[in-house]
Structures are given as C-alpha cells and as structure tokens.
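The values are calculated or read from the model by the stated rules, or taken from the named source; none is laboratory data. Since this is a predicted model, take the numbers as computed values, not measurements. Methodologically, a virtual Cβ is constructed for each residue, glycine included, from the backbone with ideal geometry; neighbour enumeration extends over all protein chains shown. Just the protein is used for accessible areas: all its heavy atoms, side chains included, with ligands, DNA and RNA removed. Shrake-Rupley method; radii C 1.70, N 1.55, O 1.52, S 1.80 Å.
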Amino acid sequence: NVTAQMIGQWFHFAATFDGANQTITMYINGNQVAQNTNTDPSKSFDKLKVIQNTQLTMQIASANALSNSSSNLSYKGWIDEFRLWSRVVDSQSLICNKDLSLNGDEPNLELYYRFNEPPNQFQICDASGNDNTGFLRSGAN
C-alpha cells in the first residue's frame, strides 16, 4: 500500500521468477516484500496472459498491450534503469547493485536500459550489447 511518506521518493523494485520451482519473488530496496509459488500445474506461470494487441511489443510499466481497464492499469511514475536477466538474481546481489550502474557486460544480462537519453529522445539504447533497442512513448524527460 502506498502511504503519504512514499510519495515523491525513489524505490528500487525488483521481481524474480524461478521457473524451476514456479516461484515469483518481489523486492523493494532489496528487501523481500512478497513471494508466491504456484502449486497448480494447470495454472503454470509459463501460461501467461495472451497479449490482446499483437501490434504492440513488450511494454514496461504499461498494461495497455493487454487492455485498458480497471484490472490492467498503467504505472504512473518515473523509472530510472530497467534490467532483464536470464537468471534469478539473489537478494544480496539486489542489495549490493541497486544503486549502481552496471557495465552492461555482466553474465546473463539480457536487456539494460539506463534511461540516460537526452530530453525528448524517443529511442532508448540497450546497454547490454544485445541490441534490444526500445522506444519511449512519451520521450525522455
């Protein structure tokens, strides 16, 4: 739950997914705040919601590729750095690296947006070297 003291503050948010045991874990500022393990094979996490608009690519902080309804709301806030890994990042690594910029050549780093583009720039570069160029809908700010 958002409190008045949280408004205007920066937070490091991370979510990990361990496919081997079907567990999702969420962290804020390196501290685990939630965890859920799927125990129903018919509802495996590998059966995620199908995107309703196939013309839209992966979207960060937006659910509009699914639909725009009360159950699919977009994030209202600022994001500084987005990292996507092909491994589960442990809590100690999250704590140690949450306030650091990475080199971009770390093992299993698949996508790394630093969001350091100049104002009104709409294309974002992938600092991981994997050429996952992104596009900002509102431009850098």
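Scanning the range 1-33 for residues that are out of contact with any helix residue (DSSP H, G or I) (no Cβ under 9 Å at 6 or more places or on another chain), in a strand (DSSP E or B) and open to solvent by 40 Å² or more (accessible area, probe 1.4 Å) gives Phe13, Ala15, Phe17, Asp18, Ile24, Met26, Ile28, Val33. Number of residues in the range 94-108 that are out of contact with any Gly (no Cβ under 7 Å at 6 or more places or on another chain), farther than 11 Å from Glu81 by Cβ and open to solvent by less than 60 Å² (accessible area, probe 1.4 Å): the value is 1. Only a single item in (1) open to solvent by 60 Å² or more (accessible area, probe 1.4 Å); (2) assigned to a strand (DSSP E or B) is not met by Leu111, and it is number (1). Has the range 105-128 got at least one residue that is modelled with pLDDT of 90 or more, under 24 Å from Phe11 (Cα atoms) and over 18 Å from the mean Cα position of the chain (by Cα)? No: the range 105-128 contains no residue that is modelled with pLDDT of 90 or more, under 24 Å from Phe11 (Cα atoms) and over 18 Å from the mean Cα position of the chain (by Cα).
Looking across the range 114-138, just one residue is of a type in the set (Val, Ile, Thr) and surrounded by 12 or more Cβ atoms within 10 Å (Cβ to Cβ), and that is Ile124.
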